[in-house]
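Comments concern the structure below.
The values are calculated or read from the model by the stated rules, or taken from the named source; none is laboratory data. All of these numbers come straight from a predicted model, not from anything done at the bench. Using ideal geometry, Cβ is built from the backbone for each residue, glycine included, and neighbour counts are taken over all protein chains shown. Side chains included, ligands, DNA and RNA excluded: accessible areas come from the protein's heavy atoms. Shrake-Rupley method; radii C 1.70, N 1.55, O 1.52, S 1.80 Å.
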Amino acid sequence: MTSAADATDVAEALAPPRRPRRAGAAGWLAVVWGIVGVLLVVAVWEAYKTFGPAEGVVVGGTPGQAGSGFIVLPRTNDRAMPHVWEMAARLFAATSGGTTPPLWVSVLSAALVTLGIAAVGWIIGVVVGAVLGAVMQRWRVVEWGVLPWIVVSQIVPLIAFAPVVNAIGNQIDRDAFPWPQWLSVAIIASYLAFFPVAVGMLRGLASPEGIHLDLMRTYAAGYWTTLLRLRLPAAVPHLIPALRLAAANAVVGAVVAEVSIGMRGGIGRMLIQLAGQASSDPAAPWGPMFGSILLGLVAAGSVALLGVWLKNYRRGEATA
């Protein structure tokens, strides 16, 4: 018969760990350091443009012969390296001509398209990664056989893998059911997103201490009860950083896929289009670049909101 003391011990062992409260000053300090980091990058950019050589730093090649050698530091002329304030001013100028909307409107519209596709890819990657991580934790032989292939999969060049996925999608579209091009982009984004989730889930589910597992066995808790009551709560500190990394990877995968397969409407296609006009409008390509950076911040920030909801389980959180 279970005593009241034993019941209390079980409740304390299974309760979510309490996260110590942090002073509000720590959050503001992180914001300040983030602003300082951005200002430092701007200062380094402008300092190099002011004092760096106009033709960059070239290693090797024939002296006096243009185009020979290997450029290790970029050129600083206005065509190759515009000022930061010129990039900012270009965001508020028309895309082409005086009747089109400002560049930032076009960048925002393209970024929203890419963000939606990246979100679909992130969801697919999270589901696949979570299932793989749970299966590998459940059966060690599966971990031995699958984990090396999961790691190897990440060395495949994405720019070469994307056209293959698009070609398969086109074949399915002809043979079975409609396969929109954005779905190929989402699949490619999920290819980068599933890896950190699978590894984070595997580490997280294996993180409970042996004494807690023995306690669950003592009370005849089955696998699913132990998974839901102990392993998943214990996995949260490992999963939150993995989900943030997966969100950023999904954005990168979506942008690269749009470039590789030539999908219109997204920010990847916009990058290619404006890069082709860089010789006559050098500040324009930086607009979609800033948009891509903003996409990554929004994706990671969205996962941070999930982390706030699960804050009671995040004691001793692992780093991404």
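Structure data summary
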| read-out | value |
| --- | --- |
| Residues of the range 102-127 classified as in contact with a Gly (Cβ under 8 Å, 6 or more places away or on another chain), at pLDDT 90 or above and not aliphatic (A, V, I, L, M), total | 2 |
| Leading residue by the ranking (modelled with the lowest pLDDT) among those in the range 42-57 that are surrounded by 11 or more Cβ atoms within 10 Å (Cβ to Cβ) and among the β-branched types (Val, Ile, Thr) | Val57 |
| Scope the range 150-168; condition open to solvent by 60 Å² or more (accessible area, probe 1.4 Å) and in a loop (DSSP other than H, G, I, E, B); matching residues | Ile155, Val156, Pro157 |
| Close pairs (7 angstrom Cβ cut-off, 6 or more residues apart or separate chains): among the basic types (Lys, Arg) in the range 223-234, assigned to a helix (DSSP H, G or I) anywhere | Arg229/Leu14; Arg231/Leu205 |
| Residue match in the range 179-191 (condition: open to solvent by 80 Å² or more (accessible area, probe 1.4 Å), at pLDDT below 80 and not polar (S, T, N, Q)) | no |
| In the range 135-144, residue farthest from Met201 (Cα to Cα) [restricted to those that are touching a residue at least 24 places away in the same chain (Cβ under 8 Å) and open to solvent by less than 60 Å² (accessible area, probe 1.4 Å)] | Glu143 |
| Only listed residue being farther than 24 Å from Leu232 by Cα, open to solvent by 30 Å² or more (accessible area, probe 1.4 Å) and in a helix (DSSP H, G or I), chosen from Leu132, Leu115, Leu147 | Leu115 |
| Of the criteria (1) in a helix (DSSP H, G or I); (2) at pLDDT 55 or above; (3) open to solvent by less than 60 Å² (accessible area, probe 1.4 Å), which one Ser68 fails | (1) |
| Some residue of the range 153-162 being of a type in the set (S, T, N, Q) and under 24 Å from the mean Cα position of the chain (by Cα) | yes |
